[in-house]
């Protein structure tokens, strides 16, 4: 079975500053990796995903993530945040044997301040 | 373009009461699932279905029942509500191809059990 650890529960950041959200996973088989975002009082929506190929993945709203197999990590980055990026971010993993069963991390709350 | 529709948005129950959370999707997705979201714990999979007539347990199935009589609908039943079931519940669906695509989430049901 796979699992996900998000290393920061809360990340405060000033507007236009960069942000990095850390995610580590464990799995005995190859994995698919995802980042989802949840804006206040809404459901989750997909930011980006890694299935195979290039380890640098670009998503919506200027976010990107890098898959590092040796470090079992999938950190999310944005070079310059906006107030509208205030949200909760979830890292998720599924493995090749059960690709429809996602395991989610506990979430990281990003608060962007002016 | 409705996507995934959950009803009700809010519900308050007394311990021991039963109720059904409704979920419907109009994207002809084979895969549907129910998650619960609790603070600091991310999303945990309750039950899932890979097609009409097929359901299976996730990581936290106790106290919940599901059925999948049509492709569109996937209701979640609480037979005898307990305070530990106070949570936000999300229904999600996905097409089930060779590679995982993405989950589409409903807007959630906030359930309080007194």
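Just so it is clear, none of the values below were taken in a lab; they were calculated from the coordinates. Note that the structure is a prediction, hence the values are computed from the model and not measured. Using ideal geometry, Cβ is built from the backbone for each residue, glycine included, and neighbour counts are taken over all protein chains shown.
Inter-chain Cβ neighbour count for A:101-113, averaged per residue, equals 4 (cutoff 10 Å, partner chain atoms only). Three principal axis extents of segment A:11-73 based on alpha-carbon atoms, in descending order, are 36, 26, 19 Å. Out of every Cα-Cα pair that chain B contains, those further apart than 19 angstrom amount to 40 percent.
In terms of Cα atoms, the Rg and Dmax of the protein assembly as shown work out to 17.5, 51 Å. When each of the peptides A:56-62, A:33-39, B:74-80, B:48-54 is scored by how many other beta carbons lie within 10 Å of its residues on average, the order from highest to lowest is A:33-39, B:74-80, B:48-54, A:56-62.
Put simply, when B:28-41, B:11-24 are sorted by average Cβ atoms within 10 angstrom per residue, most first, you get B:28-41, B:11-24. For chain A, a Gaussian network of Cα nodes joined below 10 Å ranks A:55, A:97, A:86 by mean-square fluctuation, and the top entry is A:97. Other protein chain C-beta atoms within 10 Å of residue C-beta, averaged over B:43-55: 2. Averaged over the residues of A:40-52, the number of partner chain Cβ atoms lying within 10 Å of the residue Cβ comes to 4. The Rg/Rh ratio of chain A, with both radii computed over alpha carbons and Rh defined as the Kirkwood radius, is 0.96. GNM on chain A, alpha-carbon springs under 10 angstrom: the most fluctuating residue among A:103, A:54, A:27 is A:54.
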